[in-house]
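What follows draws every value from the coordinates through simple rules; no lab data is involved. The structure displayed is predicted, hence computed values, not measured ones. Here Cβ is always computed from backbone atoms with ideal geometry, including for glycine, and neighbour counts include all displayed protein chains.
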Amino acid sequence: MSRMPDVHTRLDYAAAWVRGRTDLQPVLGLVLGSGLAALGDGLGDSVAVPYAEIPELPISTVEGHPGRLVVGLLGGVPVAALEGRVHGYEGVAAADLAFGVRLLARLGARALLLTNAAGAVNPELGPGDLVRIVDHLNLSGLNPLLGPNDARIGPRFPDMSEPYDARLGAILDGCAASLGPPLPRGVYACVAGPSYETPAEVRMLRVLGADVVGMSTVPEVIAARHMGIPVAALSVVSNLAAGLSQRPLSHAEVLAAGEAARSKLGKLLECFAPAAVR
């Protein structure tokens with residue numbers, strides 16, 4: 001029986017293939033979540049490659065996640081952006097949830113900015129708010145480091161005392177202040193999905209200290225920190241969580257919120273990129 005290639009070998013294969021499509025060497029990686037993928041279309045001198053054409057990279061199946069890797073310029077900075085991500089509820093193995101961000105790092109990214117759409121658990125937040133994530137609760141049962149560890153990628157027991165980098169966070173705060181209202185900060189709770197949370201679960205999340213809730217991002221953060229890559233993350237609040245709103249929750253609402261926040265988030269990212277990689 002043949003053995004599956006290890007993650008290190010798979011990353012080498014995928015990265016070599018991407019490098020064959022562009023001469024640009026990215027120094028910053030972006031993950032564009034639900035409804036936010038169109039931000040990648042604004043990159044200058046860009047090359048877009050469908051996930052389906054990149055060896056080993058899992059393919060997104062959810063609406064609002066086009067599934068393309070775009071390499072281009074943002075504020076004069078070479079970046080690689082994942083337009084959409086895969087989720088555990090799609091049946092993707094925990095290790096593969098993080099393959100995309102590992103690929104960004106292998107391509108040369110020295111820092112990562114992750115984005116997502118999330119529901120507001122904190123009643124002081126509302127649709128359209130951008131929230132800088134400062135910590136998380138992994139309630140999904142998924143961890144990309146399960147299984148044998150490859151020391152070529154990172155240590156067996158990576159430290160997670162600062163999952164979200166303070167320097168990158170300060171840059172986001174400064175950019176937000178120069179563009180408009182300051183960024184609220186919050187704790188992101190990652191749940192398995194795909195069903196939305198019940199009102200009782202939302203009350204539980206609030207007691208545990210969550211401000212926003214979603215179904216992604218945390219496995220990517222864990223993998224990035226495993227590789228020693230600093231991370232910042234932003235949530236676009238798409239809706240009030242169950243029990244805080246009188247309306248049923250829907251994915252269409254999530255996509256609409258991402259579209260509405262695109263301009264504001266795009267300006268923030270353009271300010272962030274040059275400072276993040278100095």
Two-decimal Rg to Rh for region 1-144 - Kirkwood Rh, Cα set: 0.98
Can you compute the helix-only [θ] at 222 nm over the chain? Use -39500 (n - 2.57) per DSSP H run of at least 4 residues, normalise by all residues, nearest 500 deg cm²/dmol. -9500 deg cm²/dmol
Choose one of 125, 103, 204: the residue whose Cα lies farthest towards the positive end of the charge dipole of region 7-276 (beta-carbon charges +1 Lys, Arg; -1 Asp, Glu; about the Cα centre). 103
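Where does the charge balance sit around residue 181 when Lys and Arg score +1, Asp and Glu -1, over other residues with C-beta under 11 Å from its C-beta?
0
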Enter the per residue convex hull volume of region 38-120, computed from alpha-carbon coordinates, in Å³ rounded to the nearest integer. 117 Å³
Orientation-averaged projected area, Cα convex hull of region 7-276 (nm²): 12.7 nm²
Only Cα pairs under 8 Å and at least 6 apart count here; give the relative contact order of region 7-276 as a rounded whole percent. 26 percent
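Report the per residue volume, in Å³, of the convex hull enclosing the C-alpha atoms of region 116-241. Working shown, then result.
Working: hull volume 12.8 nm³, N = 126.
So the per-residue Cα hull volume is 102 Å³.
What order do you get for 152-160, 45-53, 130-138, 190-198 when each peptide is scored by the mean count of other beta carbon atoms within 10 Å, highest first?
Result, highest mean Cβ count within 10 Å first: 130-138, 190-198, 45-53, 152-160.
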Which Cys in the chain stand alone, with every other cysteine's Cβ at 4.7 Å or more from theirs? 190
In vacuo Debye sum over C-alpha of region 186-226, base-10 log of normalised intensity I(q)/I(0) at q = 0.20, 0.24, 0.31, 0.32 Å⁻¹, listed in q order, is -0.63, -0.82, -1.08, -1.11
